[in-house]
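A quick write-up on the structure given underneath.
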Amino acid sequence: MDIEKLMSESAAKKPASRRASNVTANVDFSKLIRMGFNEHPYGMSPKALEIMKEETEKSNFYGDFGKGALKKAIADFYGLDFANVAASAGSSPLIETIGCAFLNPGDEVLMCPTFAAFIDMAQIRQAVPVVVPLNEDKTYDLDGLYKAITKKTKIIVVCNPNNPTGTYVGREKVIEFIKKVPDDVIVLMDEAYLEFATAEDCQSMYPLIKELPDKPIIVLKTFSKYYGMAGVTLLWQCTCLFSHNVFKCLDKQSVVFHRTD
């Protein structure tokens, strides 16, 4: 029996992933530093490590599937509602769940050259990744993205600061861009590297979740880079902040987004 004949059409047609974690999965890095993975060289906070060690003593019990305590702490930290937050074991499950919730075959996902997971997100749903070239200074071309919007556009990915170029677009330009994007297009902000930014105008877009409640905005944050928790994906690693109208859709994807009442 050819097992590939049993695959879903979308999985069978999906091109191979270009993510470094897939391409180099079987490479021996024992004598190399994996520069492309952007791993924190100094590790996590000793306080976080101490708490983690305490929690491992409870490993024979299932944890909180809904991640309620974590989500509440994050919501309180950002001044958001509990229903504005989701947490997951790494950014990839969140990105894939977003694609599962919103993308249909033929939909377009706009982005500049960035983290390859967003191309996977589109292709696994038979959507079309549309990659707009960066500006000459390697910054995200927001004007180019706006001009590329069509009736098929479903999601626009903005990685700020961008991975892997390390460049950023200032706060006012990003806000201006988000406001003029059609209300039926999701703006997906990837802010995995924001905590490293030192420029005052490189800021998070999470306040827009409250300021523009009718805009479908998703903000991805992570503990893996600045906080040195890249290897803690078995517990939790990535946070997703979004508007209430987005929550109604993502909550149906209960494999990752569990509600805790």
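Summary of values
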item	result
Cβ-Cβ under 7 Å pairs, at least 6 apart or on other chains, region 124-141 side touching a residue at least 40 places away in the same chain (Cβ under 8 Å) and of a type outside the set (A, V, I, L, M), far side part of a loop (DSSP other than H, G, I, E, B) and crowded, with 17+ Cβ neighbours inside 10 Å	ARG125/LEU103
Members of region 84-116 found to be out of contact with any strand residue (DSSP E or B) (no Cβ under 9 Å at 6 or more places or on another chain) and aliphatic (A, V, I, L, M), listed by number	ALA101, ALA116
Qualifying positions in region 170-184 - outside any helix (DSSP H, G or I) and surrounded by 17 or more Cβ atoms within 10 Å (Cβ to Cβ)	VAL181
Residues of region 75-89 satisfying the condition of being of a type outside the set (Phe, Trp, Tyr), farther than 20 Å from LEU212 by Cβ and surrounded by fewer than 19 Cβ atoms within 10 Å (Cβ to Cβ)	ASP76, ALA89
Hey, LYS72 closer than 18 Å to VAL219 by Cα, free of Cβ contacts under 8 Å to residues at least 24 places away in the same chain and of a type in the set (D, E, K, R) or not	yes
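Read the figures in this text as sums done on the coordinates, not as results from a lab. Please read these numbers as outputs of a predicted model, since none were measured by experiment. Cβ coordinates were reconstructed from backbone atoms using ideal geometry, including for glycine residues, and neighbour counts include every protein chain displayed.
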